[in-house]
Protein chains: 4
Amino acid sequence: MKAARLHAYQQPPRIDDVPEPEAKGPFDIIVRVAGAGVCRTDLHIIAGMMQADLGHPALPYTIGHENAGWVERIGPAVRNVAPGDAVVLHPLATCGECAACRAGNDSHCSNRSFPGLDGSDGGYAVLLKSTARAAVKLAPGTDPALLAPFADAGLTAYHAIKKIAPLAHAGTTVVVIGVGGLGHFGVQLLKVLTPARIVAVDNQPERLDFARSLGADVSIAAGEDGGVRSVLELTDGRGTDIVIDFVGEHGTPESAIRMLRDGGTYSVVGYGGALATTTLEMINRELHILGNKVGTYNELVELMELARQGKVRIEARRYPLDEVADVLREFEAGRIMGRAVLIPDGARP
Amino acid sequence: MKAARLHAYQQPPRIDDVPEPEAKGPFDIIVRVAGAGVCRTDLHIIAGMMQADLGHPALPYTIGHENAGWVERIGPAVRNVAPGDAVVLHPLATCGECAACRAGNDSHCSNRSFPGLDGSDGGYAVLLKSTARAAVKLAPGTDPALLAPFADAGLTAYHAIKKIAPLAHAGTTVVVIGVGGLGHFGVQLLKVLTPARIVAVDNQPERLDFARSLGADVSIAAGEDGGVRSVLELTDGRGTDIVIDFVGEHGTPESAIRMLRDGGTYSVVGYGGALATTTLEMINRELHILGNKVGTYNELVELMELARQGKVRIEARRYPLDEVADVLREFEAGRIMGRAVLIPDGARP
Amino acid sequence: MKAARLHAYQQPPRIDDVPEPEAKGPFDIIVRVAGAGVCRTDLHIIAGMMQADLGHPALPYTIGHENAGWVERIGPAVRNVAPGDAVVLHPLATCGECAACRAGNDSHCSNRSFPGLDGSDGGYAVLLKSTARAAVKLAPGTDPALLAPFADAGLTAYHAIKKIAPLAHAGTTVVVIGVGGLGHFGVQLLKVLTPARIVAVDNQPERLDFARSLGADVSIAAGEDGGVRSVLELTDGRGTDIVIDFVGEHGTPESAIRMLRDGGTYSVVGYGGALATTTLEMINRELHILGNKVGTYNELVELMELARQGKVRIEARRYPLDEVADVLREFEAGRIMGRAVLIPDGARP
Amino acid sequence: MKAARLHAYQQPPRIDDVPEPEAKGPFDIIVRVAGAGVCRTDLHIIAGMMQADLGHPALPYTIGHENAGWVERIGPAVRNVAPGDAVVLHPLATCGECAACRAGNDSHCSNRSFPGLDGSDGGYAVLLKSTARAAVKLAPGTDPALLAPFADAGLTAYHAIKKIAPLAHAGTTVVVIGVGGLGHFGVQLLKVLTPARIVAVDNQPERLDFARSLGADVSIAAGEDGGVRSVLELTDGRGTDIVIDFVGEHGTPESAIRMLRDGGTYSVVGYGGALATTTLEMINRELHILGNKVGTYNELVELMELARQGKVRIEARRYPLDEVADVLREFEAGRIMGRAVLIPDGARP
């Protein structure tokens, strides 16, 4: 079968012909890929930026960690899905036995692997090996292809927003920095889950209208100060209650901290830059800074329910898997609006 | 009356003879000071390090923000205390009307003042003007003098520990960095409020025994790496669940972050240094960093109840208010063990 | 001035001419009533059902506990409102000093009074004496008259829904029993604050359409079993996650418990009937039953913000205060749709 | 092998010779029983009181749901334990796949079975079939026999107390009704997990001293009013903040509700009686009533950690399994102090 594999850092993945994966383990499932989302993390992997964080995976391997499709084959102990089921896949393969799994904290499983990232094969391929624990079954008849970006981009935004939602009561302000792949989910989810005023900040003018169309109450250009002055004006000089930063580089952490009110919460989702402040600032203003990592299986189930109800829509476009190198180049150049989804040739249930 | 006032930065406060404060406002109270705790923040104020953060207060003013004593006079609307009552004073004067006050978040009152810090007179004096809302009434017959350090040092430790207590279940590890004025409360409070394993880290050998005598399960020398390697060994390489950092400078933030487990929480109480990490670290490990600012009025009531029950004891020693300059010098030189409390000449109910 | 006072139980209140209240206390405020909501509790008071619960108040007194208007006069210490301000009034007069007040739990103030209920005069009058702590300032130019029902009916619904909102994630079902004065707020607030499926149950057919127009996903006739069978069918036999019962009598508690899933939550808002189950049922199904009492001051502020944004609308109609006896009779007979608001003759700022 | 099986309701279980269970399923484990706790629920099962609640199980079957022992054999997919490991067993067999399991709510697993209760064989036997997900591994060298009562009695108490612990801050009062099998864990766990004042209520005088020896601050005889008057006196007429009722019959629910303060919480653990109040009482006092069902797997892990540290001890005594009928009779007659544990003949690893 075809698979887009990374052979060397700083070179695009190459379409190879590889053997089909097999469902050898009792809980293995083989999924026919309907669509695989293209994520900024793919660029970071290819650039070689994450080698150490990913444990120096052996090359080549198939990338792609936002996957949806149809169950093709299952291991002997699998009960929750059957061949033919449309599924979206939680991005992590987890053990179900460690303390984190027993508490529902899938992202912190002691024995997790991250297919498409850490050297186990991902979803830029015709077939993908996953596990029963990762499969979220979709309503019969659902076309899974364009739901793929929910698996990671959507889930990560949902996890971050659910964490801060109890703080976001009526009368509070939440600033969303970055209205791209994750941020466009973020704006919609804030609208669905909270009555807060939503202020979107971006440095691309066309995204400001986009943000408002998704539910932002106000959208402001990042400008030279990252939007700090505008946010302070909108909040009578007091600062915003919450910032969710879907960028995490190019100075957004500094801006985020400056635009927060005393007692405010800075939620970090995007990454790439430094986060620098002082302990005096942390205590004098009683700031809370929260990292976020993917989300739980149940959160993905909840998110797919919101998608089914039409409460969250996705801006995504299909591209042939064969064009993966071109798509990644266009994505890096900022020329792809919304989310790109790679479709293997002839994908169907 | 006598008061120790700051006349110029980088010079010790001077004992002046000043007029007695009056209870002009309806909720004013005048407290005869039994004891006033000496805090590291006093050194920072005198050094001039906090001028900007405190809004450039006009000199001279009386410092001292950890105060306990007896109510001397009250304004016409005061109902919660009466002359003669022994009281410990919440360090902030709050309005009772803003959204923060109406939620019980005293530290974030929109109209707060911080006597002894921001230019309003503090408690290094015979009498102190405070407000009814700050007064926590003590059991009849209590000697308030040595309870003064609970008002700020104790309260701040209590607030930080109450915030993380829900995470500190049996089987978790909490590292306490710094077993000085605040940290010695911290160790005791963790013991009372959680079943977690308590690991104390300090760079002064005599404090390691002190920590164990207060309830620490393990105490380790900070050493060159701030205790990181020892904590990792104690946790089978996984890292600690929680760090409470009562130092906040000299590299402790860096050590704290390195010794945390994935999904761990870093609670910042001490201050003075930089806090630097990356957004990748925050999201890849899903870290939470929590600042802490004083505590609420009700938390101070709870803490005084713990003190009354003997569940938290204080290591404090009395010094005459007249010797304030000497005490501050000795404190800065690290030659005062436990907490110093300044006692005005002839203090009694 | 005119006031509708209760002179004897089981007789309608009578319009009397009484002296105007005075702002004698430092925090007293005198409010010119724009509108006073008519609440089922008024019927219970008049019927004499609540004498014991209200501490056997001395007659006569003015009833009416859902009040909005304009500040007319203020006591000398009042700072948060000024004459001319449009306000809605929190129904309780609270002390601001007890542990409950210091935690923001206004409903549990140790020294509270409940004007219009417990013998202190309420708002069925031209002027009403209240306290600064009860006043929520409205945006300039707001007409307060029809906002009165938010003060108690709206606030109580908001408080109950905010309490269960963290449980009401996507994919859960919330049943609302009773779509009258409180329930019609309840349906709207669930829609704004949660992504849950909302199922309305009522025994009046016209209210089923009303419920759907307010945002209920499904509405079902109570029928003989109180809707139990329908709810079980809608939830595949599993039961609903949450019930909010705005009726609390005529068998609704029994139905509510029967239609809950294991681990479900029954939130009680309406009252009048018995609540009977067994301890075996409580533990075998791990049920949670939550009473609700009014709400906090900050919750009223949040609710008024939702009203300002148009996210919650009120179904209310104006009636002259002089017609109070007729209005109460029509209300008791079930012939008033939505909420009735009594307007004193010539009410204006 | 020997097993004590229930052949007919209202007759004691009979020691039978039955085939040894086999580890056929991939996650089956066979445990050699070291000890099996005798629980009041066993009496209820035998009396036939729970037939309907347990789904009318087919007789005969082996009872006993508090089990500890050594792993004897494991199914092919089991990784978390190995033959020879000392284990205590979570009382429920759960699927690991449903929404409840994925959230860590083991007690609400959609596909759970309850060995020893619902017709699948329990632990009054030489060998017991359980599942990998139920096994909590003990430290090497631990003697599991007397730890058996932690599996259900201890776990249920722990679960209930962890649920109310965030409410039980310094200065609050928690009343424990019933200091028997579960209650004696309850008193100790409150002491370890909260700084609240603990008041024990029991109608057996010898248990009042017992309660104090376990950490109760006060213990009072239930008397005719179930301790209501004494509790009101201890709380200055205000009522207690929390009641945990380990009896749940003979009038304790009524007493519990009467002794609560407004805004208080009634936690139900014991069962057998009626729970009757009114909706007016629920809302006028804003009471919360919480049922409790067993506990989670992770809670059992935490509890065993507390036991390992010696923070919770068990009052238990060994009896030969062969004497099960006698033991149950003595237990029913109230002549067994602490917890009885049945030991199969020759039990050893």
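Of these, B:G75, B:G69, B:G96, B:G64, which one is assigned by TED's automatic domain parsing to the domain that holds B:I30 and in contact with an Asp or Glu (Cβ under 6 Å, 6 or more places away or on another chain)?
Details: B:G69 fails: in contact with an Asp or Glu (Cβ under 6 Å, 6 or more places away or on another chain); B:G96 fails: in contact with an Asp or Glu (Cβ under 6 Å, 6 or more places away or on another chain); B:G64 fails: in contact with an Asp or Glu (Cβ under 6 Å, 6 or more places away or on another chain).
Only one candidate passes the filter, namely B:G75.
Please go through the range D:24-40 and give me each residue that is farther than 20 Å from D:Y319 by Cβ and either open to solvent by 30 Å² or more (accessible area, probe 1.4 Å) or touching a helix residue (DSSP H, G or I) at 6+ places or on another chain (Cβ under 6 Å) (or both), ordered by number. Can you show your working first?
Taking the range D:24-40 and keeping what is farther than 20 Å from D:Y319 by Cβ, we get D:24-30.
Passing the criteria: D:K24, D:P26, D:F27, D:I29.
Among the residues of the range A:160-184, write down those that are buried (at least 22 other Cβ atoms within 10 Å of the Cβ), in contact with a Lys or Arg (Cβ under 9 Å, 6 or more places away or on another chain) and touching a residue at least 40 places away in the same chain (Cβ under 8 Å).
Hits for the range A:160-184 are A:T173, A:V174, A:G178, A:V179, A:G180, A:G181, A:L182, A:G183, A:H184.
Looking at the range C:100-122, is at least one residue among the aromatic types (F, W, Y) and in contact with a Gly (Cβ under 7 Å, 6 or more places away or on another chain)? Explain how you work it out, then say what you get.
Here is the first cut: in the range C:100-122, the residues among the aromatic types (F, W, Y) are C:114.
Filter again for in contact with a Gly (Cβ under 7 Å, 6 or more places away or on another chain), leaving none.
No, the conditions are met nowhere in the range C:100-122.
Would you call C:S130 open to solvent by 10 Å² or more (accessible area, probe 1.4 Å), in contact with a Ser or Thr (Cβ under 6 Å, 6 or more places away or on another chain) and of a type in the set (G, A, S)?
Details: open to solvent by 10 Å² or more (accessible area, probe 1.4 Å): yes; in contact with a Ser or Thr (Cβ under 6 Å, 6 or more places away or on another chain): no; of a type in the set (G, A, S): yes.
No.
For the range A:185-196, give me the residue count where each residue is surrounded by fewer than 22 Cβ atoms within 10 Å (Cβ to Cβ) and over 15 Å from A:L303 (Cα atoms). Working first, answer last.
Residues of the range A:185-196 surrounded by fewer than 22 Cβ atoms within 10 Å (Cβ to Cβ): A:191-192, A:195.
Then keep just the ones that are over 15 Å from A:L303 (Cα atoms); that gives A:195.
Residues meeting the conditions: 1.
Taking the range A:314-349 as the search range and keeping residues that are among the charged types (D, E, K, R), under 25 Å from A:Q188 (Cα atoms) and touching a Leu at 6+ places or on another chain (Cβ under 8 Å), which one is modelled with the lowest pLDDT? Let's see the steps before the verdict.
Our first condition is that a residue be among the charged types (D, E, K, R); within the range A:314-349, this holds for A:315, A:317-318, A:322-323, A:326, A:329-330, A:332, A:335, A:339, A:345, A:348.
Cutting the leftovers down to under 25 Å from A:Q188 (Cα atoms) gives us A:315, A:317-318, A:332, A:335, A:339.
Checking the rest, the ones that are also touching a Leu at 6+ places or on another chain (Cβ under 8 Å) come to A:318, A:332.
Details: A:R318: 96, A:E332: 92.
The selected residue is A:E332.
Here are the criteria: (1) touching a residue at least 40 places away in the same chain (Cβ under 8 Å); (2) within 19 Å of the chain's Cα centre (by Cα). Tell me which single one B:K2 does not satisfy.
Just one mismatch for B:K2, condition (2).
Can you say whether B:F150 is crowded, with 24+ Cβ neighbours inside 10 Å and closer than 20 Å to B:L303 by Cβ, as far as the supplied structure shows?
Values: crowded, with 24+ Cβ neighbours inside 10 Å: yes; closer than 20 Å to B:L303 by Cβ: yes.
Considered against the rule, which asks whether it is crowded, with 24+ Cβ neighbours inside 10 Å and closer than 20 Å to B:L303 by Cβ, B:F150 comes out as yes.
Is it the case that C:V187 is without any contact (Cβ under 8 Å) to a residue 60 or more places away in the chain and within 21 Å of the chain's Cα centre (by Cα)? Walk me through how you get there before you give the answer.
On the way: without any contact (Cβ under 8 Å) to a residue 60 or more places away in the chain: yes; within 21 Å of the chain's Cα centre (by Cα): yes.
When the stated conditions are applied, C:V187 passes them.
Taking A:V199 as the residue in question, decide whether it is touching a Ser or Thr at 6+ places or on another chain (Cβ under 8 Å), part of a loop (DSSP other than H, G, I, E, B) and either surrounded by fewer than 24 Cβ atoms within 10 Å (Cβ to Cβ) or of a type in the set (A, V, I, L, M) (or both). Working first, answer last.
Numbers: touching a Ser or Thr at 6+ places or on another chain (Cβ under 8 Å): yes; part of a loop (DSSP other than H, G, I, E, B): no; either surrounded by fewer than 24 Cβ atoms within 10 Å (Cβ to Cβ) or of a type in the set (A, V, I, L, M) (or both): yes.
No: the conditions fail for A:V199.
Any residue at all in the range A:260-273 that is charged (D, E, K, R), on the phi > 0 side of the Ramachandran plot and facing another protein chain (nearest Cβ under 7 Å)? Even if it seems obvious, please write down each step before you answer.
Of the range A:260-273, the ones charged (D, E, K, R) are A:261-262.
Next cut, on the phi > 0 side of the Ramachandran plot only: none.
Checking the range A:260-273: not a single residue is charged (D, E, K, R), on the phi > 0 side of the Ramachandran plot and facing another protein chain (nearest Cβ under 7 Å).
Quick test for you: out of B:R212, B:R229, B:R133, B:R207, pick the one residue that is in the same structural domain as B:A77 (by TED's automatic domain parsing), assigned to a helix (DSSP H, G or I) and either over 30 Å from D:T296 (Cα atoms) or over 21 Å from the mean Cα position of the chain (by Cα) (or both).
On the way: B:R212 fails: in the same structural domain as B:A77 (by TED's automatic domain parsing); B:R229 fails: in the same structural domain as B:A77 (by TED's automatic domain parsing); B:R207 fails: in the same structural domain as B:A77 (by TED's automatic domain parsing).
After ruling out the rest, the residue left standing is B:R133.
Within the set of pairs 6+ apart or on separate chains, which have a first residue in the range D:302-323 that is within 14 Å of another protein chain (Cβ to nearest Cβ) and farther than 27 Å from D:R5 by Cα, a second that is polar (S, T, N, Q) and surrounded by 15 or more Cβ atoms within 10 Å (Cβ to Cβ), and C-beta atoms under 8 Å apart?
What qualifies is D:R308/D:T142; D:K311/D:Q188; D:V312/D:Q188.
Failed condition for C:D121, given (1) in contact (Cβ under 8 Å) with a residue 40 or more places away in the chain; (2) acidic (D, E); (3) within 14 Å of chain B (Cβ to nearest Cβ), with all others met?
(3)
Residue by residue through the range A:69-97, note down the ones that are under 19 Å from D:A99 (Cβ atoms), within 13 Å of chain D (Cβ to nearest Cβ) and over 19 Å from the mean Cα position of the chain (by Cα).
Result: A:V78, A:R79, A:N80, A:V81, A:C95, A:G96, A:E97.
Looking at A:G122, is it open to solvent by less than 40 Å² (accessible area, probe 1.4 Å), in contact with a His (Cβ under 6 Å, 6 or more places away or on another chain) and in a loop (DSSP other than H, G, I, E, B)?
Values: open to solvent by less than 40 Å² (accessible area, probe 1.4 Å): yes; in contact with a His (Cβ under 6 Å, 6 or more places away or on another chain): yes; in a loop (DSSP other than H, G, I, E, B): yes.
So A:G122 fits the description; yes.
Determine the pairs where a residue that is under 13 Å from C:N80 (Cα atoms) and assigned to a loop (DSSP other than H, G, I, E, B), located within the range B:93-113, has a partner that is open to solvent by 40 Å² or more (accessible area, probe 1.4 Å) and polar (S, T, N, Q) with Cβ atoms under 8 Å apart, the partner being 6 or more residues away or on another chain.
B:C95/B:S110; B:C95/B:N111; B:E97/B:N111; B:E97/C:N80; B:C98/B:S110; B:C98/B:N111
Please work out which residue is nearest to the chain's Cα centre (by Cα), limiting yourself to the range B:280-301 and to residues that are within 25 Å of B:F210 (Cα to Cα) and more than 7 Å from chain A (Cβ to nearest Cβ). Spell out how you get there, then give the answer.
First pass over the range B:280-301, keeping only residues within 25 Å of B:F210 (Cα to Cα): B:292, B:294, B:300.
Next, only the ones that are more than 7 Å from chain A (Cβ to nearest Cβ) stay: B:294, B:300.
On the way: B:V294: 7, B:L300: 11 Å.
It comes out as B:V294.
Condition first: closer than 20 Å to C:L155 by Cβ and either assigned to a strand (DSSP E or B) or not polar (S, T, N, Q) (or both). Now tell me which residues in the range C:71-92 satisfy that.
Here is the first cut: in the range C:71-92, the residues closer than 20 Å to C:L155 by Cβ are C:71, C:80-81, C:85-92.
C:V71, C:V81, C:D85, C:A86, C:V87, C:V88, C:L89, C:H90, C:P91, C:L92, listed by residue number.
Against the conditions (1) over 25 Å from the mean Cα position of the chain (by Cα); (2) on the phi > 0 side of the Ramachandran plot, where does B:Q10 fall short? Just the number, please.
B:Q10 satisfies all of (1) over 25 Å from the mean Cα position of the chain (by Cα); (2) on the phi > 0 side of the Ramachandran plot except (1).
Does the range D:41-61 contain at least one residue that is in contact with a Ser or Thr (Cβ under 9 Å, 6 or more places away or on another chain), open to solvent by less than 10 Å² (accessible area, probe 1.4 Å), away from chain A (no Cβ under 14 Å) and not in a helix (DSSP H, G or I)? Please lay out each step first, then the result.
To start, the set of residues in the range D:41-61 that are in contact with a Ser or Thr (Cβ under 9 Å, 6 or more places away or on another chain) comprises D:50, D:57, D:61.
Still in the list and also open to solvent by less than 10 Å² (accessible area, probe 1.4 Å): D:61.
With away from chain A (no Cβ under 14 Å) added as a condition, the list becomes D:61.
Of the ones still in play, those that are also not in a helix (DSSP H, G or I) are D:61.
Taking every residue of the range D:41-61 in turn, at least one turns out to be in contact with a Ser or Thr (Cβ under 9 Å, 6 or more places away or on another chain), open to solvent by less than 10 Å² (accessible area, probe 1.4 Å), away from chain A (no Cβ under 14 Å) and not in a helix (DSSP H, G or I).
Go through the range C:206-228 and give me each residue that's open to solvent by 40 Å² or more (accessible area, probe 1.4 Å) and under 25 Å from D:A274 (Cβ atoms).
Scanning the range C:206-228 gives C:E224, C:D225.
The values are calculated or read from the model by the stated rules, or taken from the named source; none is laboratory data. This one's a predicted model, so the numbers in the text were calculated from it and none came from an experiment. We place every Cβ from the backbone using ideal geometry, glycine too, and count neighbours over all the protein chains shown. When the accessible area is computed, the model is the full protein with side chains, heavy atoms only, and any ligands, DNA or RNA have been set aside. Shrake-Rupley method; radii C 1.70, N 1.55, O 1.52, S 1.80 Å.
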